[in-house]
Amino acid sequence: MRSSGCASLLHRFTILFSVLLLAILLFFVGSAAADGAAFDLIGPKVDVRVQRAGATLPIAEVPNLEVGDRLWIHPDLPDSQSVRYLMIVVFLRGVTNPPPDSWFTRVETWSRAVHDEGVYVVVPEEAEEALVFLAPDTGGAFSTVRTAVRGKPGAFVRAAQDLEQASLDRQRLEKYLDAVREVSADDPEQLKVDSTMLARSLNIRLDQQCFDKPTAQQAPCLVQNTDQLVLDDAHSQTMVSTLTSGTPSDLLAQISSTPTARGGYYSPYVGAVVDVVRMLGTAHTAQFQYIPALALPKQDELNLRLNNPPSFRNPKSVIVIGLPPVRPFPVPPLRAVDPTQVFCAGKPSLLLPTDGAPLTFATELAHNFVLRVETKSGAAINLPAKPDAVRGGFIVSTKALDSVQLNDEVTGVLRGDWGYEPFEGPHFRLRASRGGQWIVASKDASALIVGREDTLHVQSSDACCVSEVSLRNEEGKAIKTEWKASRADELEVKVPLQNAEAGSLTMLIHKFGVREPDEIPLHTYAEAGRLDSFGMHAGDADGVLKGTRLDQVKTLQLNGIVFDPDSLTRANQRDELKLVMHDTANVAKLHTGDELLASVTLKDGRVLDLKTQIEAPRPKVAILTRSIQLDQSAPPPVVRLGSPEELPQDGRLNFFLKAQVPETFLPSEKIEVATADESFRVLLTFADGNLTLQDSKTVFAVLDPMKLLGPSAFGPLKFRAVTADGLEGDWQPLVNLVRIPTLRGYRCVTEPEKQCLLSGDKLFLLDSVSADPDFSNSVTVPEGFVDDGLPIPAPKSKTLYIKLRDDPATVDVAVLPTLTANP
């Protein structure tokens, strides 16, 4: 009986514990879901202005407070407000140092004086943070809040910091959402261009798959899952990478991988919101609960957004509002997208592309922007500038320059105010708009041939100021043309001469701010077709025909083999036409030294003959074997590459080559290795020790990519044989060169299934990271990622699966140590 009673008691305790655990679980799931959701409840407004050194700014233009600042605070509650709210202004000074009673200011919002005039509060010495509480008046609300703050100052310090961070991130998000909706309504076809620029300006995650949807569905797709759109902003981020340890944090991290909590890891915006809700939750009592309010400043107003409706029954809701921190806030790190770009000072309106500081586009913290330009007399003039997130930079009105003289090229400096402090942004090159001389590129001097469209390149340092290009023939008739700026000092102009006759032609180049256009006299030619030569190597399936008017060539026959035109270029005042065999099986029919008569058929039916000789074959080699060697003196690599095609940058590639054409290697022969775009290349030679003969037909080659190609080379490598006289073989694939970041390890909150942080160096070399080989739960590393820590899914058995940015198609494996978690 006693044993049965104990079993029954144990059973009841188990049921009670399970119910309690389920209740806690549901509470945190609901909390996480609410944290991740948008703060969509409109709360009350609070008007705030800041006075400092005799100057007053609206709260929207103040990034930080200073000791001695005089704050004017006015609760903007309606006259019909039925519940009396007690406003409490509190200053904080550290997590272990409760504020004194004098730092708590009690404000009765229902009093006529407060309703009409507001109150003034001065930032005290040693203050670090500031909060405003709106609590239903219960007779003891002031003392209750004061006791809560003094009892747990650290919770409210952290809440103040995270409220500020979440508000800044929310302002970026609101700017993006409003702009996408406006663009979609005005011009759906422009949505992709503008939303891409918005994402760059505001540092917002953009889902490229949205543009694969029908036009009507693109805008809704771009604004869904708003809690995951905000990316890290180094300027405003508090850099809180993981949640503080503890049972509630563990449970939140576990639930965060469920659909209810929306995703496997927190975005910076959601992370800040989760943090502030959790910290305020530790201060709940039976009488009061503390709910955060995101403040969206607009001039004097703090427009509050809530994610939970306030309760006027116990526990009553106390609204917590963050004010700017009482510490320096760095100025925005604005930078020019292309510092070398030249802009035309004569253009009525300039777009100066900038990035690096999303807050300048999303908030009013940075204001009073001007572009400061020095005139020819030495005086400075300020041109009004306005940030435009949709266009990705600052719009500058140059109207004030109409009445001043400038040097040929001047520097414009973007300046503004960051709160009360002036700051200097990027510099831009400006070119004065004047009439000038244009030079026709030497390769195009005789390129204008009637009967076809030709391309002309004209050069001038004033190319950035061109507004229109047109043509005029001898009869004065205008000819429409297409043009673009191919370089900073060059225009590429399409000249349509299909129906023109040989003679003179005038190009008219119009510039901003200049009344008369620049005129360039040109000549067009009725060039007769001329065949100079046809060059071809034995073993090749193509050759090059040189001459003039080769655009009229239809086919070429050589010993009964038909060649078709492939591509036409012009160099050194003559055409070069590449022709390709119609049937590549005929390659073996042509031999070195064959003297043949080529028959060239023109499009008008004429047939022209040309003598030619087949040249010696180009060199050709084949790979026999290859192996990748790592530095044996170094520790075992953390990353195990998933493909034998991958060569680590600090490794060495050994490979054997077999001579095919010619059948033996000559001491003067070289092997050229290059990246896919040929921006990095090297010649392996016998003299430098990178080539060693095994026998007359086989050579051993060694490639040290770090030494020979440098640290910036990456991607597919290719190779070809090169003879002593410079005859080059065909490119062949060699290996895929990859750069590997330094991975030091990872740390998790408490248990392996929770949120973790990958630590290392040059993490931007990663494309994505996953805890499973099929990448069903992966993290994509954003472009331009500079941090040394990356939030990742929890590894299984200390194993991570990674894709390198240099080879995202291959899955590699990293076995990492567990680092000590932050306290």
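The values are calculated or read from the model by the stated rules, or taken from the named source; none is laboratory data. From a predicted model like this one, the values you see are computed outputs, not experimental measurements. No Cβ is skipped: glycine too gets one built from the backbone with ideal geometry, and neighbour counts run over all protein chains shown. Protein only, heavy atoms only, side chains kept; ligands, DNA and RNA dropped before computing areas. Shrake-Rupley method; radii C 1.70, N 1.55, O 1.52, S 1.80 Å.
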Is it the case that segment 443-456 has a residue that's surrounded by 15 or more Cβ atoms within 10 Å (Cβ to Cβ), closer than 30 Å to Asp408 by Cβ and within 33 Å of the chain's Cα centre (by Cα)? no
If we ask which residues in segment 599-608 are farther than 14 Å from Asp532 by Cα and either small (Gly, Ala, Ser) or open to solvent by 40 Å² or more (accessible area, probe 1.4 Å) (or both), their number turns out to be 5
What pairs come up if the first residue lies in segment 108-135 and is farther than 23 Å from Tyr290 by Cβ, the second is assigned to a loop (DSSP other than H, G, I, E, B) and not small (Gly, Ala, Ser), and their beta carbons are under 6 Å apart, counting only those six or more places apart or on different chains? Glu125/Val67; Glu126/Arg93
Failed condition for Leu766, given (1) touching a residue at least 40 places away in the same chain (Cβ under 8 Å); (2) buried (at least 21 other Cβ atoms within 10 Å of the Cβ); (3) within 24 Å of Ala814 (Cα to Cα), with all others met? (1)
Within segment 376-412, can you find the residues that are open to solvent by less than 20 Å² (accessible area, probe 1.4 Å) and of a type outside the set (S, T, N, Q)? Leu383, Ala385, Ala389, Gly392, Gly393, Phe394, Val396, Leu401, Leu406, Val410, Gly412
Mind checking which pairs have a first residue in segment 394-417 that is within 12 Å of Ser349 (Cα to Cα) and a second that is surrounded by 12 or more Cβ atoms within 10 Å (Cβ to Cβ) and among the hydroxyl-bearing types (Ser, Thr, Tyr), Cβ under 8 Å, 6 or more apart or different chains? Phe394/Thr354
In this structure, does Leu624 turn out to be exposed (fewer than 15 other Cβ atoms within 10 Å of the Cβ) and either farther than 15 Å from Met706 by Cβ or of a type in the set (Val, Ile, Thr) (or both)? yes
Kindly check whether there is at least one residue in segment 687-699 that is within 18 Å of Gln629 (Cα to Cα), of a type outside the set (A, V, I, L, M, F, W, C) and touching a strand residue (DSSP E or B) at 6+ places or on another chain (Cβ under 7 Å). yes
Could you list, ordered by first residue, the pairs with Cβ atoms under 8 Å in which the first is in segment 565-585 and open to solvent by 50 Å² or more (accessible area, probe 1.4 Å) and the second is modelled with pLDDT of 90 or more and in a loop (DSSP other than H, G, I, E, B), at least 6 apart or interchain? Thr584/Ala541
Name the pairs: first residue in segment 192-206 and under 14 Å from Pro353 (Cβ atoms), second residue part of a helix (DSSP H, G or I) and of a type in the set (D, E, K, R), Cβ to Cβ under 9 Å, at least 6 apart or on different chains? Leu198/Lys175; Ser201/Lys175
Just to be sure before I move on: is Pro124 in contact with a Phe, Trp or Tyr (Cβ under 8 Å, 6 or more places away or on another chain), open to solvent by 10 Å² or more (accessible area, probe 1.4 Å) and at pLDDT 90 or above in the structure I sent? yes
All but one of (1) out of contact with any Pro (no Cβ under 9 Å at 6 or more places or on another chain); (2) within 27 Å of Gly419 (Cα to Cα); (3) of a type in the set (S, T, N, Q) hold for Gln161; which doesn't? (1)
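Residue-wise test of (1) assigned to a strand (DSSP E or B); (2) modelled with pLDDT of 90 or more; (3) open to solvent by less than 50 Å² (accessible area, probe 1.4 Å).
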site: His510; (1), (2), (3): yes, yes, no
site: Leu522; (1), (2), (3): yes, no, yes
site: Asp532; (1), (2), (3): yes, yes, no
site: Val544; (1), (2), (3): yes, yes, no
site: Lys554; (1), (2), (3): yes, yes, no
site: Phe563; (1), (2), (3): yes, yes, yes
Going through segment 35-65 in order, the residues found to be assigned to a loop (DSSP other than H, G, I, E, B), open to solvent by 30 Å² or more (accessible area, probe 1.4 Å) and either modelled with pLDDT of 95 or more or among the hydrophobic types (A, V, I, L, M, F, W, C) (or both) are Ala38, Ala53
With Val749, Val699 as the choices, which residue is touching a helix residue (DSSP H, G or I) at 6+ places or on another chain (Cβ under 7 Å), surrounded by 15 or more Cβ atoms within 10 Å (Cβ to Cβ) and not acidic (Asp, Glu)? Val749
Scanning for something under 30 Å from the mean Cα position of the chain (by Cα), of a type outside the set (D, E, K, R), modelled with pLDDT of 90 or more and open to solvent by less than 10 Å² (accessible area, probe 1.4 Å), does segment 325-340 turn up at least one residue? yes
Segment 781-796 - residue that is β-branched (Val, Ile, Thr) and at pLDDT below 90 and, of those, least open to solvent (accessible area, probe 1.4 Å): Ile792
Before we move on, is Glu108 open to solvent by 20 Å² or more (accessible area, probe 1.4 Å), touching a Gly at 6+ places or on another chain (Cβ under 7 Å) and not aromatic (Phe, Trp, Tyr)? no
Would you say Thr612 is modelled with pLDDT of 90 or more, of a type in the set (Ser, Thr, Tyr) and open to solvent by 40 Å² or more (accessible area, probe 1.4 Å)? no
All-but-one check, Val813 against (1) in contact (Cβ under 8 Å) with a residue 40 or more places away in the chain; (2) in contact with a helix residue (DSSP H, G or I) (Cβ under 7 Å, 6 or more places away or on another chain); (3) not aromatic (Phe, Trp, Tyr), failing number (2)
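In this structure, does Thr799 turn out to be surrounded by fewer than 17 Cβ atoms within 10 Å (Cβ to Cβ) and more than 20 Å from Val639 (Cα to Cα)? Explain how you work it out, then say what you get.
Numbers: surrounded by fewer than 17 Cβ atoms within 10 Å (Cβ to Cβ): yes; more than 20 Å from Val639 (Cα to Cα): no.
No, not satisfied.
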Matching residues in segment 665-701 - criterion: being part of a strand (DSSP E or B), free of Cβ contacts under 8 Å to residues at least 60 places away in the same chain and among the polar types (S, T, N, Q): Thr692
Hey, among Ile479, Ile449, which residue is touching a strand residue (DSSP E or B) at 6+ places or on another chain (Cβ under 9 Å) and either within 21 Å of Arg574 (Cβ to Cβ) or touching a residue at least 60 places away in the same chain (Cβ under 8 Å) (or both)? Ile449
Report, ordered by the first and then the second residue, all pairs with beta carbons closer than 6 Å, sequence separation of six or more or different chains, a first member in segment 632-646 that is over 21 Å from Gly760 (Cα atoms), and a second member that is surrounded by fewer than 18 Cβ atoms within 10 Å (Cβ to Cβ) and polar (S, T, N, Q). Ser643/Thr810
Does Leu596 satisfy the condition of being buried (at least 16 other Cβ atoms within 10 Å of the Cβ), part of a strand (DSSP E or B) and without any contact (Cβ under 8 Å) to a residue 40 or more places away in the chain? yes
Determine whether Trp72 is assigned to a loop (DSSP other than H, G, I, E, B), out of contact with any helix residue (DSSP H, G or I) (no Cβ under 7 Å at 6 or more places or on another chain), surrounded by 14 or more Cβ atoms within 10 Å (Cβ to Cβ) and in contact (Cβ under 8 Å) with a residue 24 or more places away in the chain. no
Name the single residue, out of those in segment 532-548 being among the acidic types (Asp, Glu) and touching an Asp or Glu at 6+ places or on another chain (Cβ under 9 Å), that is farthest from Gln573 (Cα to Cα). Asp540
